[in-house]
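The values are calculated or read from the model by the stated rules, or taken from the named source; none is laboratory data. Computed from a prediction, not measured in an experiment: that's the story for all the values here. For neighbour counting, all protein chains shown are included, and Cβ atoms are generated from backbone atoms with ideal geometry for every residue, glycine included.
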Amino acid sequence: MNELKQTQHTMIARVSLILYLIIGQLWVAAGHPWEPEGRTDEPGWVTKHQRLVNQTRDHMNDEVIVFVGDSITHNWANLGGTVWDKHYRRRHAYNYGVGGDRTENVLYRIANNEFDGLDPKMIVLMIGMNRWVTNANNLIP
């Protein structure tokens, strides 16, 4: 019985070390997601950002609910248009989702006029998935 416990502890230690190393690699590959960064990988990104800055300027006093995030958020108003129109549009919800955005890109948009002067009652935030997927793919040779 003592040998079985020793084997179990050794196996748990090995699995823990492997998980620690994998998570460490993802963290190192992640860079600094807390530092705002604009995107250069998509030529139309600056135009999308400016469109959202204009949306804020034009609807600042109307916006009660703000959805912020990546393509998942963006598609709530597009692919989920029927549900969006039925439940959110009448509540003065506005969508600030941009496909492909990572955490640092959303922070850039926030820091660069996209939300200047807004005072919504609710913010729905969904970010981080693209960062995880990008970093996991970078680990695959």
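Just give me the residues in the range 83-127 being at positive phi and in contact (Cβ under 8 Å) with a residue 40 or more places away in the chain, in sequence order.
Step one: of the range 83-127, the residues at positive phi are 92, 100, 113, 117.
Within the range 83-127, 100, 113, 117 qualify.
Return the only residue of 117, 99 being in contact with a Ser or Thr (Cβ under 6 Å, 6 or more places away or on another chain), at pLDDT below 95 and either surrounded by 13 or more Cβ atoms within 10 Å (Cβ to Cβ) or outside any helix (DSSP H, G or I) (or both). Before you say what the answer is, go through the steps one by one.
Working: 117 fails: in contact with a Ser or Thr (Cβ under 6 Å, 6 or more places away or on another chain).
Result: 99 is the single residue among 117, 99 that is in contact with a Ser or Thr (Cβ under 6 Å, 6 or more places away or on another chain), at pLDDT below 95 and either surrounded by 13 or more Cβ atoms within 10 Å (Cβ to Cβ) or outside any helix (DSSP H, G or I) (or both).
Taking the conditions exactly as written (closer than 16 Å to residue 34 by Cα and surrounded by fewer than 19 Cβ atoms within 10 Å (Cβ to Cβ)), does residue 72 satisfy them or not? Even if it seems obvious, please write down each step before you answer.
Numbers: closer than 16 Å to residue 34 by Cα: no; surrounded by fewer than 19 Cβ atoms within 10 Å (Cβ to Cβ): yes.
It is false that residue 72 is closer than 16 Å to residue 34 by Cα and surrounded by fewer than 19 Cβ atoms within 10 Å (Cβ to Cβ).
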